[in-house]
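The values are calculated or read from the model by the stated rules, or taken from the named source; none is laboratory data. All values derive from a computational prediction rather than experimental measurement. When we count neighbours, we look across all protein chains shown, and the Cβ atoms used for this are built from the backbone with ideal geometry, even at glycine. Areas reflect the complete protein model, heavy atoms only, side chains present, ligands, DNA and RNA absent. Shrake-Rupley method; radii C 1.70, N 1.55, O 1.52, S 1.80 Å.
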Amino acid sequence: ALHMQYTQMFTEVTESQTPTETPQIQSYQVMFLLVNFIMNNWAPRYNDYGLVGFPINVILNWSMGTVNGYAAFLNKEANEYWMKVLNKWGEFLKSPKSRYVLVDKPWGWFGENALAAMPCFKE
């Protein structure tokens, strides 16, 4: 059942549901490749448009809102797997490899805009 849900949650996304009118992630295989890349290479950058934090949302945004996506993310085994994925990403975020976002640049967490958005950060 879980395999079917993960397969169908991508086929259920219609073109009219996405901003580009073309689903960008079209299979769970591509989803896992992208998640693997993020978990090992990507730390969140600061931005002003509200997508700071969990980059997997960009991958799952449309598919997890489908009937099968909803069902797939209620599955206990799937959630145990996702917990392992998130813990692995946490290891990456604690490592020196993720520190490239701790800079004084417009997208960095020590940049002017980021510090203005976090006025108590320096305290």
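Pairs needed: first member in segment 46-63, of a type in the set (Ser, Thr, Tyr); second member anywhere, modelled with pLDDT under 80; C-beta distance under 9 Å; at least 6 residues apart or different chains.
Every condition considered, the pairs that remain are Tyr46/Val52; Ser63/Pro23.
With the requirement that a residue be open to solvent by 60 Å² or more (accessible area, probe 1.4 Å), closer than 14 Å to Asn47 by Cβ and not basic (Lys, Arg), what does segment 102-116 give you?
Restricting attention to segment 102-116, the residues satisfying the condition of being open to solvent by 60 Å² or more (accessible area, probe 1.4 Å) are 102, 104-107, 110, 112-113, 116.
Within this subset, residues satisfying the condition of being closer than 14 Å to Asn47 by Cβ are 105-107, 112-113, 116.
Result: Pro106, Trp107, Glu112, Asn113, Ala116.
Pull out all pairs, ordered by first then second residue, where Cβ-Cβ is under 6 Å, the residues are six or more apart or on different chains, the first lies in segment 87-114 and is over 15 Å from Ile38 (Cα atoms), and the second is in a helix (DSSP H, G or I) and open to solvent by less than 70 Å² (accessible area, probe 1.4 Å).
The qualifying pairs are Gly108/Val101; Trp109/Val101.
Restricting to segment 12-33, give me the number of residues that are open to solvent by 100 Å² or more (accessible area, probe 1.4 Å) and either modelled with pLDDT under 90 or of a type in the set (Val, Ile, Thr) (or both).
Residues that pass the stated criteria total 6.
Are any residues in segment 77-86 open to solvent by 80 Å² or more (accessible area, probe 1.4 Å) and either hydrophobic (A, V, I, L, M, F, W, C) or touching a residue at least 24 places away in the same chain (Cβ under 8 Å) (or both), and if so, which ones?
Filtering segment 77-86 down to residues open to solvent by 80 Å² or more (accessible area, probe 1.4 Å) leaves 77, 80-81, 83-84.
Within segment 77-86, Glu77, Met83 qualify.
Of the residues Pro55, Pro96, only one is open to solvent by less than 50 Å² (accessible area, probe 1.4 Å) and of a type outside the set (Val, Ile, Thr); which?
Details: Pro96 fails: open to solvent by less than 50 Å² (accessible area, probe 1.4 Å).
Just a single option satisfies the conditions, and that option is Pro55.
Condition first: surrounded by 13 or more Cβ atoms within 10 Å (Cβ to Cβ), under 23 Å from His3 (Cα atoms), under 15 Å from the mean Cα position of the chain (by Cα) and at pLDDT below 90. Can you find one or more residues in segment 64-76 that meet it?
yes
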